[in-house]
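Q: Structure in structure tokens, see below.
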Amino acid sequence: MIDLGSNSWRLVVFTYSPGSWWKRTDELYETVRIGAGLSATGHLSEEAIERGLETLSVFGRFCQANGLSSADIHPVATSAIRDASNRDEFVQRGQDATGLDIVVLSAEDEARYGYVAAVNTTTLTDGMVVELGGGSMQLVEVWDRRAHELNSFPLGAVRLTEELLPGSAPVKKKDLNRVRARVRETLEDVDWFWDAGERLVGMGGAARNLAAAAQRAAGELDLGVQGFLLTPEMMSELVQMLASMPSSERGAVPGIKPGRGDIILAAAVALETVLEEGEFEGIEVTEAGLREGVFLADTLLAGGEPLFDDVREAAVRNLAIQYEADMTHSEHVARLALQMHDSLVADGLFEPEPGEHELLWAASMLHDVGMTISYDDHHKHSHYLIVSAELPGFSPRERALIAQISRYHRKGAPKLGEMAAIAHDGDEELLDRCSVILRLAEHLERGRDQAVSEARLRPNGHGVDLHLEAAGDLTLPRWSVERYGDDEVFQRVFGRRLLIG
């Protein structure tokens, strides 16, 4: 997949098995700035075209070196090339030089691919998607996970910078207000914008860079920006900080790429204005973009509606399959863990935190992925692999909790560790409960033969009885729980002794 954007160009390689798993396995990136000067002249400059042709030749050589056929290569061009009066000339020159068949996306198609990427990498059901590129801003209204309105506006970071913030010096408030006014004037004609709901998903390099900058400024644990929430307060602080600097220094801000430094302020002001005008709770950032949208819609999910039934489940299963987890074993461990968890909740032993059920399920499904590295210390390897993955649909905090629960599925007293910096009230107790329950479920499935068909935990006086239903011989699971079940940790967490019925 080749994305010829207004600011940056990317070649991304996706490796996949139809109906099973997929992942990004390689990427080339270049700041081409093909749209430089377009707003003033209406056409692509010869200098920009030459930069583009040079980059296309590199991309074409990469495809040849990797044995990719023309059917496997999908080059798409967006706003700047679409709007240029000499776009056909550029497309023809690019094809003649490289053999790449460039498709110029319509504004609606560009917004649609962005929507597909957003709803398949977040839990957005109702709300809005904003994608800010170099040449344009796409806004998509989402109801029940379906796109209802798709709009594109000439509010890209390169355009706004050239037209309204062209200098290199620190920017004054009146200049920032000119950008805000331009965005507001554009939004006035978008009737549905004012009733789009509370959730806003942000896409594009600017959103990712701003999220990374906010994350680092707050001193938060660096787990990537997938699912990170850029609050109005964070956006305001970023705008003020970036405006106080000359453009040459903005690219040195931690989290901001040097090639985006001169246009990041305009992008920040535009996104901040959308956030404020729509009264959204924040911008939920996704790492996915146009590239993922094209791949999902036209390849992995082609032939039907391009939506995963459940984004979180798809992400967890995708990661488990990639790391060759024993899916029958993992699924059974997850089933037993949830049975025990739910039975304790039903009997009023504790009140679960929001989302706790899903976090326990995810950790149970992924607890053994570390064995792809080594059996020894595989619980630690599982932790590393989970925090290193994007795991779409989960926030950085949720991903850290899944990793910590998996980390303690074998032994040790669960602790938050370095994730304490991003933990919420109640997370320490959640980690304790889920880790102990997952540990029990793993012992009950020690033979990997699904001998235990059901497991329930029932409070009984000062203890908790473990009730088992058998599908096979229970000798091994009973022995594993009695020998390694760690009664002391169970009693510390739940305040009761564990009794095996």
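The values are calculated or read from the model by the stated rules, or taken from the named source; none is laboratory data. Here the structure is a predicted model, which means the values were calculated and not measured. Cβ sites come from the backbone with ideal geometry, for glycine too, and all protein chains shown count toward neighbours. Side chains included, ligands, DNA and RNA excluded: accessible areas come from the protein's heavy atoms. Shrake-Rupley method; radii C 1.70, N 1.55, O 1.52, S 1.80 Å.
Q: Among DSSP bridges having both ends in the chain, what percentage is antiparallel? Round to the nearest 5.
A: Around 70 percent antiparallel, to the nearest 5.
Q: Obtain the nm distance between the two label points defined at residue 482 and residue 222 by a simple spin-label model: each point lies 7 Å from its Cα along the Cα-to-C-beta direction.
A: A separation of 5.0 nm, rounded to one decimal place.
Q: Another question, then. Which GluC sites (Glu not before Pro) does the range 145-199 hold that lie in a coil by DSSP with at most 14 other beta carbons within 10 Å?
A: 188, 198
Q: How would you order 14-25, 428-439 from highest to lowest mean count of nearby Cβ atoms within 10 Å?
A: 428-439, 14-25
Q: Restricting attention to the alpha-carbon atoms of the range 194-323, what are Rg (one decimal) and Dmax (integer), both in Å?
A: Every Cα atom of the range 194-323 included, Rg and Dmax give 16.6, 50 Å.
Q: Here's a follow-up. If packing is taken as the average count of other Cβ atoms within 10 Å, what order do 455-468, 271-284 fall into, highest mean first?
A: Final packing ranking: 271-284, 455-468.
Q: Using a probe of 1.4 angstrom, how much of the accessible area of the range 403-501 is carbon and sulfur, in percent?
A: 43
Q: Here's something else I'd like to know. Suppose all protein chains stay in the model; what accessible area per residue would a 1.4 Å probe give for the range 337-415, in Å²?
A: 36
Q: If the viscosity is 1.567 mPa s and the temperature 4 °C, what translational diffusion coefficient in µm²/s does Stokes-Einstein give for the range 410-501 when Rh comes from Kirkwood over Cα pairs?
A: Details: Rh = 14.1 Å.
My calculation gives 92 µm²/s for D.
Q: Bins of 10 Å, beginning at zero and ending with the bin holding the largest distance: percent of Cα pairs per bin for the range 194-263, please.
A: Bins of 10 Å from zero give 19, 52, 24, 5 percent of pairs.
Q: Further question on the same structure: Using r as the Cβ-Cβ distance of residue 125 and residue 68, and R0 as 41 Å, what FRET efficiency do you calculate, to the nearest 0.05? Each step should come with its number before you reach the end.
A: Values: r = 36 Å, r/R0 = 0.89.
Computed FRET efficiency for residue 125 and residue 68 comes out at 0.65.
Q: If you filter the range 310-376 for chymotrypsin sites (Phe, Trp or Tyr not before Pro), then keep DSSP loop positions with at most 11 other Cβ within 10 Å, what is left?
A: Sites meeting the loop and neighbour criteria: 375.
Q: What are the ³J(HN,Hα) values, in whole Hz, obtained from phi via the Karplus relation 6.51 cos²θ - 1.76 cosθ + 1.60 with θ = phi - 60°, for each residue of the range 81-95 in sequence order, with x given for Gly and Pro?
A: These are the phi-based 3J(HN,Hα) values: 5, 4, 8, 6, 5, 9, 5, 5, 4, 5, 4, 5, 5, x, 5 Hz.
Q: I've got another one for you. Tell me which trypsin sites (Lys or Arg not before Pro) from the range 140-243 have a DSSP coil assignment and no more than 13 other beta carbons within 10 Å of their own.
A: Loop-located and lightly packed - 172.
Q: Now for a separate question. Please compute the Kirkwood hydrodynamic radius over the range 1-81, one decimal place, Å, based on all pairs of different Cα atoms.
A: Numbers: mean 1/r = 0.0729 Å⁻¹.
13.7 Å is the Kirkwood radius here.
Q: Over all alpha-carbon pairs in the chain, figure out the percentage whose distance exceeds 45 Å.
A: 22
Q: Taking 0.36 nm per residue of sequence separation and subtracting the Cα-Cα distance, how much length would be gained by fully extending the chain between residue 237 and residue 388, in nm to one decimal?
A: Taking 0.36 nm per residue and subtracting the Cα distance, the gain is 51.6 nm.
Q: Quote the Stokes-Einstein diffusion coefficient, in whole µm² s⁻¹, for the range 90-225, based on the Kirkwood radius over alpha carbon pairs, a temperature of 10 °C and a viscosity of 1.306 mPa s.
A: 93
Q: Continuing with the same structure: Enumerate the aspartates and glutamates that residue 173 could reach by cross-link, defined here as Cα to Cα under 15 Å, with residues fewer than 8 away along the same chain left out.
A: Hits, sequence-local ones excluded: 237, 272.
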